[in-house]
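The values are calculated or read from the model by the stated rules, or taken from the named source; none is laboratory data. Keep in mind that what you see is a predicted model, and the values were worked out from it rather than measured. A quick note on method: Cβ atoms are made from the backbone with ideal geometry, for glycine too, and the neighbour counts reach across all protein chains shown. Note: accessible area is taken over every heavy atom of the protein model, side chains too, but ligands, DNA and RNA are not part of it. Shrake-Rupley method; radii C 1.70, N 1.55, O 1.52, S 1.80 Å.
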Amino acid sequence: MATKPPTSDIDENDLTVGDRKKVAVGVPAVLHALQMSYEQMGAVRSAQTLLRVNQKDGFDCPGCAWPEEDKRHVAEFCENGAKAVAEEATLRRVGPDFFARHSVAELRERDDYWLGQQGRLTHPVILDEGATHYREVSWDDALRLVADELRALDDPDEAVFYTSGRTSNEAAFLYQLLVRGLGTNNLPDCSNMCHESSGSALTQTLGIGKGTVSITDIHEADLLIVAGQNPGTNHPRMLSALEKAKARGATIIAVNPLPEAGLIRFENPQTPKGMILGGTRIADQFVQIRLGGDQALFQAIGKHLLEVEDRDGGVLDHAFIDSCTSGFEEYRAAIAAVPWEELVVATGIAEDRLRHVAETVRTSTATIVCWAMGLTQHKHSVPTLRDVVNVLLLQGNIGRPGAGVCPVRGHSNVQGDRTMGIYEKPSTAFLDALDDEFGFAAPREYGYDTVEAIRAMRDGRVRVFFAMGGNFARATPDTAVTEAALSTTDLTVQVSTKLNRSHLVTGRRAIILPTLGRTDRDRRGGGEQRVTVEDSMSAVHASRGRLAPPSDDLLSEVAIIARLCRLLFDDRDGEDVDPRPTAPPLRAQPAAEEVDRRQVERDTVEAEGADPVGVDRARNVPQADWTALENDYSLIRAHIARVVPGFEDFEERIAKGRTFILPNGPRDARTFATATGRAMFTANRLEYPEIPAGRLLLQTLRSHDQYNTTIYGKDDRYRGIHGGRRVVLVNEHDLGAQGLSDGDLVDLVSEWTQTTGAVEERRAERFRVVAYPTPRGNAAAYYPETNVLVPLDSVADVSGTPTSKSVVVRLEPSAAAPA
Ligand SMILES: Nc1nc2c(c(=O)[nH]1)N[C@H]1C(S)=C(S)[C@@H](COP(=O)(O)OP(=O)(O)OC[C@H]3O[C@@H](n4cnc5c(=O)[nH]c(N)nc54)[C@H](O)[C@@H]3O)O[C@H]1N2
Ligand SMILES: Nc1nc2c(c(=O)[nH]1)N[C@H]1C(S)=C(S)[C@@H](COP(=O)(O)OP(=O)(O)OC[C@H]3O[C@@H](n4cnc5c(=O)[nH]c(N)nc54)[C@H](O)[C@@H]3O)O[C@H]1N2
Ligand SMILES: [Mo]
C-alpha cells in the first residue's frame, strides 16, 4: 500500500534562486494574496469573503491563531490569511465524478500541491476493500459503517481519533465526548507535533499550559524576545503588534539561525504610512543562534543576571521570588556551575555578545518571550522552555503588564481544542465533570499521542483510524513508517475539506466525509449556526461563515459527530435513524431518576476499584439528546459551560461579536497550580545537539507559500526561492568543505542511532543546494517533503514531540535520474 511520496515537484528547470528579501509584507504581499483569491474564488466572492475575515460578525481566519486587535482594520487579514481563505473558499470541486476519473493509485503519484489544487470535497465517498476507486456513498451508509466498525472492536483502545487544530470548540467538545463514550482516550492531535513541549514546560513550572500575555501586554512590553519563530510568513499580523510595541519604545530581539525577512524589516500594508514610507525595522538585535542552542542562550542570560546581582545587586525581583516561587537556590547553583565556554559552543555566539543580550534583558522593565516551532521541536525542548521561564521569573516577569510567556500557536483553534478536552492525558477534574454532565464513566487510562498512535498502528494494535481534519500521513514524521502503519488498519476515516495524501494512504477500507469550513454558512435545525474558537491568548469568540457551501450535501463537523453519537449511543438495537436535520429528537433527555441510577452504578464501580472499561459498555455511554445538539449548537455550549471552567454564561458572553478571556492564574493573580503551589524555578542540565564530523543538522520548516501540508505555490519569496520546493539551504563554507557548490543536486540522508547502537538511514532524493546564511553545521529544507527523514523514535523528552528541527543528515551527490 505505502509507496514513495511523489517527487514530481522537482523541476530543476523552473527552480530559481534570487536575492533574499529584507522587507516583509508591503505591496507585493497584498497583490500576491489578491491574485490567488481571484484565481480560486473570482472577484465578487473574494471581496465578500476577505472583508469578513476576523470582523466581529464575520468568521475567524482559518490561518493562524494570532489574536485580533480590539480595534479591527477594515481588512483584518494578511497575505497568508487571505491565501488560507482562498484555499478554502475556492470554487473548484472534487466530487464523485473526480473519483471515478482518477484511481487511488494514480492520485498517489500526484504531489501535495496538485492534490490541494483540485478543490473542495463535496460528497461522502468510500473505498471498498480491494477497490481501485473511491465511489459515492450516502451519509447514512457511511456513518453506519463507521459506527458498526467501532462497535465491533474487541477493545475501544483499538481505535485512534486524530484532531487537527481547525476544529471548532463545539465540534471538539462533542468529538472528545464521542471518543470517551466509546471508552478510550486515544485522542492524538497536531499539538503533539507542535506546542506540546510548551504545554509540558509551562504546566510544570507555571501551572497552566498556555501563554500568560494578552495583546495589550505585547503592545506594552519593554523588551520582546522572538525566538524560533518566523512571523513574517506564519503569523504576519503579529508584525503589526510588534510594530506598535516598537512605536512605544520597545526593544525587539530576534533569535533565529536564519535572518528571516519579517524580523528584519516590515511594511504594514494596513497603514498608508507603511506602504509609502518604507516600514519599520523590527528587530533591534538579531542573534544568529545555532540550531538547538536556545537553552544555552537562556542559561547565559540567567547566568549574567545572577552574576551582576551578586556584584552590584538590584537585578532580581526578590519580593516576587520570595513570595511566589520555589526552587530558586537550586537554579542559582546549577547555573553557576555551567561554564561560559560551553554556552559559547552551544550557541555559536561569543561571550561578549551573549552578555550584551543579557544586559538588554537586565535593563528591561517588562519582558515577554515569544516562541514557536524553533523552540519546541528539539530533543531538549522542554528543558529549554523551562530555562526561558527561569529567566522571566528572576525579574518577576510573569503576571504583570507587558511581561510573560507567549507561545505563539499554530492552527487557528488548536488551543481551544485542548481546552475542550482533545487530549490523550485528560485531567481527572475534567473527566469527573464530564461524567457528571453526561451520566457515564469516562475512561481514566491515558491514550496514545501522535507518535504512540503510529507505533500502535505499526504494531497491529489499531483497527480504526479516524481523523477530524488534518493530513496525518503527511504531517507526521517518518513518512514511510507512518504510511505502512496506516495501511495495517481495517478502516481509515477522514473528515476533511480538501483532498490530501491521507485520503490515499488507507486501511483495508476508507471513507472520506466532506465537511464545512470556517467560511461556509452552516444552517442546521432551521437556523444559522455559529461556532466558537480560542486564540493564542485565551480569548474566545464566535465565528460564522457566510458563503454558500460547496455542495448541499455537506454536513458540519458537529453534525457528523452528533449523528455518530446517536448511532453509537442511542441506536444500539439497530433501529432506523432519520437523517433529516429537522427531525424530532429520537429520545428525550434521560429522566432525573435515570441519571441518578447511572450515577449509583458508576459510584459502585469506582468504589469497587474496577476499571471503568470493565463496565458493561453497552450501558456505560454518555446520555444526551444528540439530535437536538446537532440542530442547535448553543445546546452544546450549554454543556461546555457546565463542564469546562471559565465558560460560565458562555452564550451571553459571545453575543454580538463579543470576546471573553479565559481565566489564567499566573496572569490574573500570580497563582500557580504547580506541585509546589508556586511558580517553579527548575535546574536543567545543559543540552545541545552534537553534529558528527562531515554531517549537518537539518531543520524542516515552512516556506512562504504553504499552510503546513497544504502547498499554495512553489515560491518562498522572502528567501528568494522560486518555482520549486526541493531545496536545501546550507552555509557556503560547509559546501566548500564537502566539495559541493550552490546549484548541485544532492540526496539528503538522515542518520539515526538506535538505542542498540545500530545506525538507521533514511533518504530524500534530489534536492538543489542553495548557499544560504545559516550557521555553519546547520541546514534547512521544507516540510513535509523532508518528513521522510525524521525518525519516528526521535522525539523530545517529556513531550514526545518529533524533533523536526533537529535531524542529523549527510549530503550525497544525487545519483537518481532526472524526474
Ligand atoms: N502561512 C502559514 N501560517 C502558518 C502555518 C503555515 O504553514 N503557513 N503553520 C501554522 C502552524 S500549525 C504553526 S505551528 C506555526 C509555525 O510557525 P513557525 O514556528 O514560525 O514555523 P516554521 O517554519 O517551522 O519556523 C520555525 C522558525 O524557527 C527557526 N528555528 C528553527 N530551529 C531553531 C532553533 O533551534 N532555535 C531558534 N531560535 N530558531 C529556530 C527557523 O529558522 C524558522 O524561522 O505557524 C502557523 N501559521
Ligand atoms: N517535519 C515537520 N513536520 C511537522 C512540522 C514541522 O515543522 N516539520 N510541523 C508540525 C505542526 S506544528 C503541525 S500543527 C502539524 C500539522 O498537521 P495537520 O494539522 O494534520 O496538517 P494540516 O496540513 O494543517 O492539515 C490540512 C488538512 O486539513 C483539512 N482541513 C482544513 N480545514 C479543515 C476544517 O475546517 N475541518 C476539517 N475537518 N478539515 C479541515 C484539509 O483537508 C487539509 O488538507 O504538522 C507537524 N509536522
Ligand atoms: Mo503547528
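List of remarks:
- Boolean, Arg726 is open to solvent by 10 Å² or more (accessible area, probe 1.4 Å), near ligand 1 (Cβ under 10 Å from one of its atoms), in the same structural domain as Val790 (by TED's automatic domain parsing) and among the basic types (Lys, Arg): no
- Of residues in segment 688-720 being in contact (Cβ under 8 Å) with a residue 40 or more places away in the chain and over 25 Å from the mean Cα position of the chain (by Cα), the one nearest to Pro62 (Cα to Cα): Gly720
- Of the numbered criteria (1) within 16 Å of ligand 3 (Cβ to nearest atom); (2) over 27 Å from Arg670 (Cβ atoms); (3) not hydrophobic (A, V, I, L, M, F, W, C), the one Asp459 fails is (1).
- Residues (touching a Cys at 6+ places or on another chain (Cβ under 9 Å), within 16 Å of ligand 3 (Cβ to nearest atom) and hydrophobic (A, V, I, L, M, F, W, C)) located in segment 355-378: Cys370, Trp371, Ala372, Met373
- Checked across segment 378-395, the condition of being within 12 Å of ligand 2 (Cβ to nearest atom), under 17 Å from the mean Cα position of the chain (by Cα) and closer than 16 Å to Ser538 by Cα holds for no residue.
- Flag if Ala780 is under 23 Å from the mean Cα position of the chain (by Cα) and not β-branched (Val, Ile, Thr): yes
- Residue match in segment 62-84 (condition: small (Gly, Ala, Ser) and assigned by TED's automatic domain parsing to the domain that holds Glu452): no
- Qualifying residues in segment 399-412 (those that are in contact with a Lys or Arg (Cβ under 8 Å, 6 or more places away or on another chain) and within 11 Å of ligand 1 (Cβ to nearest atom)) - the one most open to solvent (accessible area, probe 1.4 Å): His411
- Check on Glu452, of a type outside the set (Phe, Trp, Tyr) and either over 21 Å from the mean Cα position of the chain (by Cα) or within 16 Å of ligand 1 (Cβ to nearest atom) (or both): no
- Residue within segment 178-190 that is open to solvent by 10 Å² or more (accessible area, probe 1.4 Å), more than 29 Å from Ser634 (Cβ to Cβ) and within 16 Å of ligand 2 (Cβ to nearest atom) present: no
- Restricting attention to segment 168-202 and to residues that are closer than 17 Å to Thr419 by Cβ and of a type in the set (Ser, Thr, Tyr), the residue that is farthest from ligand 1 (Cβ to nearest atom) turns out to be Tyr175.
- Taken over segment 175-222, the criterion of being assigned to a helix (DSSP H, G or I), β-branched (Val, Ile, Thr), in contact with a strand residue (DSSP E or B) (Cβ under 9 Å, 6 or more places away or on another chain) and under 30 Å from Phe440 (Cα atoms) is satisfied by Val179 alone.
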